[in-house]
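Asks: Structure provided below as structure tokens; questions to follow.
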Amino acid sequence: MEQEASIKRGDADGDGKPSGSQTLLRGLDVIEAVANGPIALTELAETLGLTRSTTHRLAAALVDRRMLTFRPREGYALGPKLLELGYAAREQMHLPQVARPYLEQLSNATSDTVHLGVLEGDLALYLDKVPGRRRVEIGSRIGERQPLSSTGLGKALILDLGEERWKQLFTAETGPRALGLPVWLERMRGYAAAGRAFDLEENEDQIRCVAAPIRGVDGKTVGAISLSSAAQYMDDARMEALSDDVRNTADAISRELGWSERSARKK
């Protein structure tokens, strides 16, 4: 009965050997353990809670498939096949395609307009837009470029760049100024600490928004999202309340791109 239960769980085949799915999962565990840096066989076995012989068998198979390499006196390390697969995955993960379901979900939950954009030179390029259900006209268009210092999306894209770069971008941008540099910098410091940015009618009259950065596998900003609506629907209290929703949506897209909280802590 015990062996039958084991078979139903997929833990072992009828002869007591690990099933194909269990072997696959163990192999993936090996790769994840090696991702932290070269590791010797004994330490790898201890990390995985497996015997040396089982660990060696799994690692050898991964070396044979170029998923791992073996370095004398260092141990096992990630192999060139993973680099190839990483590049292929990056090509397949077109940002608008990955982000679109999350943008729609956020817009449906809030009834507000959601944008997706990336940094292009010294401007914010709008890649996607999901209109909200409110009778609010927001003048943004897919494919247009907007200033960084006045839009929520733009500010979110540059949160990690630091004050010197902020000053350069602010000074370089022309057009009407709602704020002076000292006040703008003070707000940017707060936005960076909070992990999100606001547009307080600085770019478009009577339009406010909350924005947050999207990060790639290396933790660097690769895009941003913003949630926009008329000021009458976006008082200070609601903007604060929406901050978690916008950040959580940006983080969910980031995880699809390979980012993780663990990599953020290492940064």
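Asks: What angle, in degrees between 0 and 90 and rounded to the nearest 10, separates the Cα long axis of helix 52-64 from the longest principal axis of the Cα atoms of the chain?
Replies: Result, in degrees: 60.
Asks: Straight-line reach from LYS220: which aspartates and glutamates fall under 19 Å, measuring Cα to Cα and dropping same-chain residues less than 8 apart?
Replies: Cα-Cα hits under 19 Å: GLU91, GLU120, ASP122, ASP160, GLU163, GLU164, ASP251, GLU256, GLU261.
Asks: Among the aspartates and glutamates, which have Cα under 14 Å from the Cα of LYS81 when same-chain residues fewer than 8 positions away are ignored?
Replies: Output for LYS81: ASP64.
Asks: Next question. Exposure proxy check: SER149, SER53 ranked by fewest other beta carbons within 10 Å? Walk me through the numbers on the way to the answer.
Replies: On the way: SER149 24, SER53 9.
Arranged by neighbour count, lowest to highest, SER149, SER53 become SER53, SER149.
Asks: Taking other Cβ within 10 Å of each residue's Cβ, how do SER228, SER140, SER111 sort, fewest first? Spell out each step's value before the answer.
Replies: Details: SER228 26, SER140 20, SER111 12.
With the fewest neighbours first, SER228, SER140, SER111 line up as SER111, SER140, SER228.
Asks: Still on this structure, I have one more. When only Cα pairs under 8 Å and 6 or more residues apart are kept, what is the percent relative contact order across the chain?
Replies: Relative contact order for the chain comes out at 13 percent.
Asks: Cut-off 10 angstrom, C-alpha nodes, Gaussian network model of the chain. Which of LEU127, LEU85, LEU159 fluctuates the most?
Replies: Checking each option, the largest mean-square fluctuation is seen for LEU85.
Asks: At a 10 Å Cβ-Cβ cut-off, how would you order HIS94, HIS115, HIS56, fewest neighbours first? Spell out each step's value before the answer.
Replies: On the way: HIS94 11, HIS115 26, HIS56 15.
Least to most surrounded, the residues fall as HIS94, HIS56, HIS115.
Asks: To the nearest 10 degrees, how steeply does helix 181-194 sit against the main Cα axis of the chain, on a 0 to 90 scale?
Replies: Here the helix axis deviates by roughly 30 degrees.
None of the figures in this text is laboratory data; all of them are computed from the coordinates on show. Everything numeric in this text was worked out from a predicted model, so none of it was measured. Counting neighbours? That spans all protein chains shown, and the Cβs are built from the backbone with ideal geometry, glycine included.
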